[in-house]
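Enquirer: Questions regarding the structure given below will be posed in turn.
The values are calculated or read from the model by the stated rules, or taken from the named source; none is laboratory data. Remember, it's a predicted structure, so these values are computed and weren't measured experimentally. No Cβ is skipped: glycine too gets one built from the backbone with ideal geometry, and neighbour counts run over all protein chains shown. These area figures cover heavy atoms from the full protein model, side chains too; ligands, DNA and RNA do not enter into them. Shrake-Rupley method; radii C 1.70, N 1.55, O 1.52, S 1.80 Å.
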Amino acid sequence: MVSFTKLKNLLMLAFDWILHDAGSADTCQVTVTQPRFQGADYSVHTVFLTCAFSASGCSPSSLQVLWFRFLTNKHEDLCTPGCTDQQKYKVHFLPENNVSLQINDLTVDDNAVYICGIAFSDSSSPLSKQTGDGTVLMKTGAEQQHNNGKVVFVFMIITSALLFLYSTTVFTFFVIYKLKPKLLKKSGKEDQRTENCKISSGRKIFQAIAQELQKQKYAEQPDDLEDDTVYQNR
């Protein structure tokens, strides 16, 4: 695969070939700047790639705008300066030394590096023909967008679950904090009631034992009296 730098050097040679009939305005100097990246949603069908340039000592009447694109292992001439597919591509001249390339019927197959070239055809100066560093165009496919949506949805579910657990934990601690004094007070009352029940039960058992002993004592007294009476009669 040919490197991007080598392809760009070949592009500059192509500039010289395209503009081989350049004139004698040797003081012309051009600089070109482009955005590094431009993304497009899967629902977008038309995109505009911008390009800005500055020129000094150049004749505005001889301005030419050229667009190329680099794919994986080749480059394509899009507008040099006439566009190869006028339904697909269109060049726009904007104020303040700005131009743009309009791309219609955008698909993921249009993902590439787009190079903007500025040239003044009546100059023989090497600096009168310059290109930008290129704009990477990336359109997101519908399937990728759907997968991204699923990831976001799962992330939202996980976040909601974590927030629910956090809220439940905080609420539980709050309830325990509020009810702890009441629970301790209630537990103290129950302990006191249990102790009172134990004391009362002990008293009842003691009273029952005393009553039983008293009954046994009374039951033994008639026999003693009968023995005394018999002894006296004898």
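Enquirer: State yes or no: is ASP105 open to solvent by 40 Å² or more (accessible area, probe 1.4 Å), free of Cβ contacts under 8 Å to residues at least 24 places away in the same chain and either over 14 Å from PHE53 (Cα atoms) or assigned to a loop (DSSP other than H, G, I, E, B) (or both)?
Expert: Taking the combined requirement at face value, the residue does not satisfy it.
Enquirer: Among the residues of region 118-126, are any β-branched (Val, Ile, Thr) and over 29 Å from the mean Cα position of the chain (by Cα)?
Expert: yes
Enquirer: List the pairs whose first member sits in region 82-93 and is more than 13 Å from LEU66 (Cβ to Cβ), whose second member is open to solvent by 70 Å² or more (accessible area, probe 1.4 Å), and whose Cβ atoms are under 9 Å apart, counting only residues at least 6 apart or on separate chains?
Expert: Between residues of region 82-93 that are more than 13 Å from LEU66 (Cβ to Cβ) and residues that are open to solvent by 70 Å² or more (accessible area, probe 1.4 Å), the close pairs are GLN87/ASP105; LYS88/ASP105; HIS92/PHE48.
Enquirer: Taking the stated definitions as given, is GLU96 part of a loop (DSSP other than H, G, I, E, B), at pLDDT below 95, acidic (Asp, Glu) and loosely packed, with under 15 Cβ neighbours inside 10 Å?
Expert: yes
Enquirer: Give me a count of the residues in region 36-75 that are surrounded by fewer than 16 Cβ atoms within 10 Å (Cβ to Cβ) and at pLDDT 90 or above.
Expert: So the answer is 12.
Enquirer: Related question: Within region 108-125, how many residues are surrounded by fewer than 24 Cβ atoms within 10 Å (Cβ to Cβ) and either without any contact (Cβ under 8 Å) to a residue 24 or more places away in the chain or not in a strand (DSSP E or B) (or both)?
Expert: 8
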